[in-house]
Amino acid sequence: MNSHMIFNVRIVTPAEVIESGSVFVQDGLIMSVERAKIKRIPKGLHCIDGQGKWLIPGIIDLHNDSIEREIEPRPNALIPLDIALFSLESRLLSHGITSVYHSLAFMEGETAVRTAPMVVANVREINSLKQHGLIRHYVHARYDITEKGFYSILTAMIEAEEVQLVSFMDHTPGQGQYQQIDVFRDYYGKKHPHLDAAAINRLIEKRQAKAKGRDVVQLIDLIAERACRYNVPIASHDDDSCEKVASMRQRGVTISEFPINLETAVFAATEGMRVVVGAPNIIRGLSNSGNMKAIDAINHNAAHILCSDYISSSILHAVFQLHHRHGLGMPEAVNMATINPAKAVRVDHRLGSIEPGKVADFILINETAGIPFVDQVFVNGFEVLRKDRSYSGRIGVDSFKRQERACL
């Protein structure tokens, strides 16, 4: 029987912060959450003194783009997925992420990792390897609505339960994220410096032509129907109007990722959709594409979930910035990274909060110089990461030099 207690911690629940609380874990589940200070350590029970640090649920990241870059760090320099996946996992752990939805683009792109054979192989290998992971690995299939060649691939994977989240995205220049075509030109020019202006213009024309296909809407309907039938949550990506949100809502879409403007975010929230904003937007204070500031949506109660998007470390820092700089209560800020995403993908019955009966996924956080550091991570009640922050600063450069001389 695996049982232990973490005591003397600031426990963040969905509704409050319990000061000097304790959590009793048995066989991977949270058995009780206690408010009173522990006066006597139970004999024979493994106990961990949290030393007054924060204890929050493990972070659930619904949109993490890092796996594609981990597989292909340079153009056509492909890293085997098993190496890439677990290399990335070690970094996710250090940022408190215990459940990750790897975002894989179902679209033909300018990189080797976005060819159809690679997408199929990567999805299937993630599903094969995840049993060996220290955290929970899921697949977020980002279907570009203009890529008709991926329709049969995606529907087959939905039926085989190989994807756990589907999102509809449209990166056609002139709408969505790239309402201003010059933004598209600038982004692709910097991302792919080998493409000259003429090549980028041809790419724009090609994408715009694809979006005009008669069967684009029909395929969206078919994929949405299949996802709903197999109980796979659906998100829409870069919503730029209330009309688009309403259209997606009718298809069973329940999540709005990265709405372009505040009006759309507010409408999505009033329609009962869970609105996702990028944590990098919070820590940078602005959108990478010049669109809505995430903090504006939060201030209008029109944002519910933080995702890491393109920076895995950003969620934890955004949570603490929302609390310290923007005045959100700690429970509200933490909920955006834990119970709210759990509800969006329908796993909140077992994950996302520190409550009796839930799975014991949580992280112990030490604030040092105003920066949140993950000291310990627990998944299924087992400690999977430990760092000793008290060691920091004890050895300076001069000390290292003295030690080097002593070893010669």
remark   = With criteria (1) assigned to a helix (DSSP H, G or I); (2) on the phi > 0 side of the Ramachandran plot, residue 315 comes up short on (2)
message = Looking for something out of contact with any helix residue (DSSP H, G or I) (no Cβ under 6 Å at 6 or more places or on another chain) and either surrounded by 15 or more Cβ atoms within 10 Å (Cβ to Cβ) or closer than 27 Å to residue 380 by Cα (or both) - is there at least one such residue anywhere in the stretch 145-152?
response = yes
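Any residue at all in the stretch 16-36 that's over 22 Å from residue 382 (Cβ atoms), in a loop (DSSP other than H, G, I, E, B) and modelled with pLDDT of 95 or more?
Pass one, the stretch 16-36, residues over 22 Å from residue 382 (Cβ atoms): 16-20, 35-36.
Within this subset, residues satisfying the condition of being in a loop (DSSP other than H, G, I, E, B) are 16, 35-36.
Of the ones still in play, those that are also modelled with pLDDT of 95 or more are 16.
Yes, because at least one residue in the stretch 16-36 is over 22 Å from residue 382 (Cβ atoms), in a loop (DSSP other than H, G, I, E, B) and modelled with pLDDT of 95 or more.
Can you confirm whether the stretch 291-300 contains a residue that is surrounded by fewer than 20 Cβ atoms within 10 Å (Cβ to Cβ), in a helix (DSSP H, G or I) and in the same structural domain as residue 319 (by TED's automatic domain parsing)?
If we filter the stretch 291-300 for residues that are surrounded by fewer than 20 Cβ atoms within 10 Å (Cβ to Cβ), which is where we start, we get 293, 296, 299-300.
With in a helix (DSSP H, G or I) added as a condition, the list becomes 296, 299.
If we keep only those that are in the same structural domain as residue 319 (by TED's automatic domain parsing) too, we end up with 296, 299.
Within the stretch 291-300, one or more residues are surrounded by fewer than 20 Cβ atoms within 10 Å (Cβ to Cβ), in a helix (DSSP H, G or I) and in the same structural domain as residue 319 (by TED's automatic domain parsing).
Looking at 132, 137, which one is crowded, with 16+ Cβ neighbours inside 10 Å and either touching a residue at least 12 places away in the same chain (Cβ under 8 Å) or not assigned by TED's automatic domain parsing to the domain that holds residue 366 (or both)?
Values: 132 fails: crowded, with 16+ Cβ neighbours inside 10 Å.
Answer to the check: 137.
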message = Here's a check for you: in the stretch 371-408, which residue that is closer than 18 Å to residue 9 by Cα and in a loop (DSSP other than H, G, I, E, B) is modelled with the highest pLDDT?
response = 381
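The values are calculated or read from the model by the stated rules, or taken from the named source; none is laboratory data. Because the structure is predicted, anything quoted here is derived from the model rather than measured. Here the Cβ is made from the backbone with ideal geometry for all residues, glycine too, and neighbour counts use every protein chain on show.
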